[in-house]
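J.: Dropping a structure here in structure tokens format, bear with me for questions.
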Amino acid sequence: NSGVMALLRPLLLDVVPTIQQTAALALGRLANYNDDLAEAVVKGDILPQLVCSLSEQNRFYKKAAAFVLRAVGKHSPQLALAIVQCGALETLVICLEDFDPGVKEAAAWALGYIARHNSELSQAVVDAGAVPLLVLCIQEPEIALKRIAASTLSDISKHSPELAQTVVDAGAIAHLAQMILNPDAKLKRQVLSALSQIAKHSVDLAELVVEAEIFPVVLTCLKDSDEYVKKNGATLIREIAKHTPELSQLIVNAGGVAAIIDCIGSCRGTVRLPGIMMLGYVAAHSENLSMAVIISKGIPPLCACLIEEHEDHIKAAAAWALGQVGRHTPEHARAVAVANVLPTLLSMYMDTRSSEDLQTKKALKNILQKCTYLPALEPLLHDAPPNILKHIVGQFSKVLPHDSKARRLFVTTGGLKKVQEIKAEPGSLLQEYINAINNCYPEEIVRY
């Protein structure tokens with residue numbers, strides 16, 4: 001408000017180098033603060049000046065200038081575009097070859113902040129020739145430089161299969177995969193994130209990541225003390241598992257399902273989410289893979305997530321995953337039903353007035369349509385709303401005609417009485433199911 005920006009600008013050209021650097025640092029801190037101030041740096045025509053100095057000044061100034069570019073570019077695609085338009089990318093890429101690791105780091109950071117916004121800006125960073133140099137940076141000894149370079153490769157890869165492919169073509173996967181065991185937690189986070197962003201796009205890219213022999217090494221990350229390492233490790237495994245039954249089977253064989261189940265059991269909150277999703281994807285592929293989740297004792301921790309977690313989207317993910325486990329055969333459905341999860345799903349469905357109830361409803365239907373384990377279904381007869389009730393009554397109408405013990409039990413537990421109380425539309429599917437159940441019994445029992 002006092003017009004400081006206009007006063008700082010001439011100081012960027014001061015004869016004393018430390019004054020130049022300090023002025024750049026001050027501008028960077030202002031621009032970093034919010035987008036209005038970053039906007040003011042662009043409008044004050046300061047960027048061309050910085051770009052010009054980036055190529056000819058000393059390393060301290062280069063770091064400060066790259067900091068200003070990063071501070072401006074981080075706020076929005078429009079501001080990042082302003083940096084691209086003033087020709088900064090070429091100069092930043094030249095800085096990636098600087099002998100000083102601090103200058104490389106500052107440049108990589110600025111490039112990452114530009115690339116993360118969208119695929120056009122990311123493509124501009126690629127076209128400027130940044131990727132091969134970033135791959136060289138992740139091989140440098142300095143940990144800070146490795147972190148930022150891995151993070152920038154992650155930001156470039158995330159937007160599209162084509163962009164991820166350019167990172168792969170530069171040979172990034174092998175170098176990233178070697179760093180999964182690095183002791184530095186912050187580096188591991190970035191490495192796992194970059195591999196996830198590559199693997200998520202297509203089967204081919206996921207297979208390239210797997211071929212770098214990340215299994216079973218990556219499973220150690222699920223036991224890491226750093227929550228983000230755990231989460232990013234689980235995310236990487238999820239992004240691979242989702243593509244094909246073959247990739248999921250490979251993860252099962254490496255012990256990945258059991259490791260994810262342990263991980264979900266040992267943490268709380270959003271760290272659980274990628275692991276929950278991963279189990280759902282694995283189970284969705286086939287009966288055998290779903291059975292692998294059941295045998296590895298995956299159902300109890302998924303049930304625990306339904307009960308313990310407070311956030312709707314985590315509950316919904318757990319419900320979805322249980323639905324994927326239970327939807328294959330009566331045996332699968334029974335494994336889920338025995339865990340006493342159906343009442344929880346039903347009460348969630350009845351009580352969620354949120355957007356997530358769709359997932360819960362689908363999960364409930366998936367399990368109910370296969371479940372022939374009547375003791376788990378019976379309690380639901382008393383509470384279920386009509387649209388769920390028809391699935392439950394439908395299952396009874398399939399099982400009771402062929403099972404005399406179940407027929408007797410159904411009378412003594414009050415199930416048959418409850419069925420008589422249901423008001424069904426004449427000619428509806430529900431009415432047909434009720435008739436089928438009544439036809440299993442002598443008329444006088446039904447009347448009684």
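The values are calculated or read from the model by the stated rules, or taken from the named source; none is laboratory data. Please read these numbers as outputs of a predicted model, since none were measured by experiment. Cβ placement follows ideal geometry from the backbone for every residue including glycine, while neighbour counts extend to all protein chains displayed. What goes into the accessible areas is simple: the full protein's heavy atoms, side chains included, and nothing from ligands, DNA or RNA. Shrake-Rupley method; radii C 1.70, N 1.55, O 1.52, S 1.80 Å.
J.: How big is the Kirkwood radius of the stretch 372-447, worked out from every pair of different alpha carbons and given in Å to one decimal?
T.: Working: mean 1/r = 0.0815 Å⁻¹.
After inverting the pairwise mean of 1/r, the radius is 12.3 Å.
J.: Under 15 Å from the Cα of Lys361, which aspartates and glutamates turn up, not counting those fewer than eight places away in the same chain?
T.: Once the sequence-local aspartates and glutamates are set aside, what remains near Lys361 is Asp312, Asp351, Asp383.
J.: Now a separate question. Can you find, among Leu250, Leu25, Thr329, the residue farthest towards the positive end of the dipole of the chain? Put +1 on the C-beta of Lys and Arg, -1 on that of Asp and Glu.
T.: Thr329
J.: Of the listed values (i) 37, 32, 22; (ii) 59, 23, 16; (iii) 33, 26, 22, grab the one calculated as semi-axes √(5λ) of the Cα gyration tensor in Å from the structure here.
T.: Working out semi-axes √(5λ) of the Cα gyration tensor in Å from the coordinates points to (ii).
J.: Which shape class applies to the stretch 213-341: rounded if a/c is under 1.5, otherwise prolate when a/b exceeds b/c and oblate if not, where a ≥ b ≥ c are the square roots of the Cα gyration tensor eigenvalues? Please report the intermediate quantities before stating the final value.
T.: Working: a/c = 1.87, a/b = 1.15, b/c = 1.63.
Judged from the Cα gyration tensor, the stretch 213-341 comes out oblate (a/c at least 1.5, b/c at or above a/b).
J.: With the other protein chains left in place, how much accessible area per residue, in square angstrom, belongs to the stretch 376-443 at a 1.4 angstrom probe?
T.: Values: 3650 Å² over 68 residues.
Accessible area per residue, the stretch 376-443: 54 Å².
J.: With axes computed from alpha carbons, what is the tilt in degrees of helix 185-199 against the longest principal axis of the chain, rounded to the nearest 10 within 0 to 90?
T.: 70
J.: Okay, next question. I need to check one value: relative contact order of the stretch 202-342, counting alpha carbon pairs closer than 8 Å and at least 6 residues apart, in percent. Could the numbers behind the result be given before it?
T.: Details: 187 pairs, mean separation 28.3, N = 141.
The normalised contact order for the stretch 202-342 reaches 20 percent.
J.: Sticking with this one: Enumerate the aspartates and glutamates that Lys417 could reach by cross-link, defined here as Cα to Cα under 14 Å, with residues fewer than 8 away along the same chain left out.
T.: Within the straight-line cut-off, Lys417 pairs with Glu378, Glu443, Glu444.
J.: With charges only on Cβ, +1 for K and R and -1 for D and E, what is the dipole size of the stretch 119-161 about its Cα centre, in debye, rounded to 20? Working shown, then result.
T.: Details: 3 positive and 5 negative charges, 30 e Å.
Computed charge dipole of the stretch 119-161: roughly 140 debye.
J.: Okay, next question. Near Ser157, within a Cβ-to-Cβ distance under 12 Å, what is the net charge of the other residues, with Lys and Arg +1 and Asp and Glu -1?
T.: Values: positive: Arg116, Lys158, Lys200; negative: Asp155, Glu162, Asp169, Glu239.
So the environment of Ser157 carries a net charge of -1.
J.: Find the accessible area per residue for the stretch 213-341; the probe is 1.4 Å, ligands and nucleic acids are left out, and the unit is Å². Could the numbers behind the result be given before it?
T.: Numbers: 4880 Å² over 129 residues.
In whole numbers, the stretch 213-341 has 38 Å² accessible per residue.
J.: Here is a further query. In percent, what relative contact order does the chain have, based on Cα pairs under 8 Å that are 6 or more apart in sequence?
T.: Working: 694 pairs, mean separation 29.7, N = 448.
After rounding, I find 7 percent.
J.: Quick check for you: which residues of the stretch 381-421 have the amide N under 13 Å from the point 7 Å beyond the Cα of Ile445 toward its beta carbon?
T.: Only 400-417 fall inside the zone, counting backbone N under 13 Å.
J.: Now for a different question. So which of Lys186/Lys315; Lys315/Lys423; Lys390/Lys423; Lys370/Lys423 end up more than 22 Å apart, counting from Cα to Cα? Could the numbers behind the result be given before it?
T.: Numbers: Lys186/Lys315 29 Å; Lys315/Lys423 32 Å; Lys390/Lys423 11 Å; Lys370/Lys423 24 Å.
From the list (Lys186/Lys315; Lys315/Lys423; Lys390/Lys423; Lys370/Lys423), the Cα-Cα distance tops 22 Å for Lys186/Lys315; Lys315/Lys423; Lys370/Lys423.
J.: What percentage of the solvent-accessible surface of the stretch 47-133, computed with a 1.4 Å probe over protein heavy atoms, is contributed by carbon and sulfur atoms?
T.: Values: 1690 of 3210 Å².
C and S fraction of accessible area: 53 percent.
J.: Here is a follow-up. Using a simple charge model, +1 on the beta-carbon of Lys and Arg, -1 on the beta-carbon of Asp and Glu, nothing else, what dipole does the stretch 245-386 show about its Cα centre, in debye to the nearest 20?
T.: Values: 11 positive and 13 negative charges, 33 e Å.
The calculated dipole for the stretch 245-386 is roughly 160 debye.
J.: Could you work out how far helix 227-241 tilts from the main Cα principal axis of the chain, as a 0 to 90 degree angle to the nearest 10?
T.: In the chain, helix 227-241 runs at an angle near 70 degrees to the longest axis.
J.: Nearest 20 debye, what's the magnitude of the dipole of the chain about its Cα centre given +1 on Lys and Arg Cβ and -1 on Asp and Glu Cβ?
T.: On the way: 42 positive and 46 negative charges, 290 e Å.
So the dipole magnitude of the chain works out to roughly 1400 debye.
J.: Counting Lys and Arg as +1 and Asp and Glu as -1, what is the net charge of the other residues whose Cβ lies under 13 Å from the Cβ of Leu279? Write down the numbers at each step before the final one.
T.: Details: positive: Arg238, Lys242, Arg272, Lys297; negative: Asp262.
Summing Lys and Arg as +1 and Asp and Glu as -1 gives +3.
J.: Among the lysines, which have Cα under 17 Å from the Cα of Lys200 when same-chain residues fewer than 8 positions away are ignored?
T.: Within the straight-line cut-off, Lys200 pairs with Lys158, Lys231, Lys242.
J.: Nearest 500 deg cm²/dmol is fine: what mean residue ellipticity at 222 nm does the chain get from its DSSP H runs of n ≥ 4 alone, each adding -39,500 (n - 2.57), divided by its residue count? Don't jump to the answer; show the numbers that get you there.
T.: Numbers: 31 runs with 325 residues, N = 448.
That calculation yields -21500 deg cm²/dmol at 222 nm.
J.: Here's something else I'd like to know. Around Glu308, under 11 Å between beta carbons, what's the net of Lys plus Arg minus Asp minus Glu among the other residues? Walk me through the numbers on the way to the answer.
T.: Details: positive: Arg268, Arg272, Lys315; negative: Glu309, Glu311.
That works out to +1.
J.: Sticking with this structure for a sec: Which order do the peptides 312-325, 201-214 come out in when sorted by mean C-beta neighbours inside 10 angstrom, highest first?
T.: Result, highest mean first: 312-325, 201-214.
J.: In whole percent, and with a 1.4 Å probe on the protein chains, what portion of the accessible area of the stretch 372-447 is carbon and sulfur? Let's see the in-between values first.
T.: On the way: 2310 of 4260 Å².
Carbon and sulfur: 54 percent of the exposed surface of the stretch 372-447.
J.: A further question follows. Taking only protein heavy atoms and a 1.4 Å probe, what accessible area per residue, in Å², does the stretch 1-89 have with all protein chains in place?
T.: Numbers: 4470 Å² over 89 residues.
That works out to 50 Å² per residue.
J.: Something else about it: So, with a 1.4 angstrom probe, what is the percent of accessible area on the stretch 227-296 that is carbon and sulfur?
T.: On the way: 1250 of 2410 Å².
Carbon-and-sulfur percentage of accessible area, whole number: 52.
J.: Then there is this: I need to check one value: relative contact order of the stretch 36-162, counting alpha carbon pairs closer than 8 Å and at least 6 residues apart, in percent.
T.: 22
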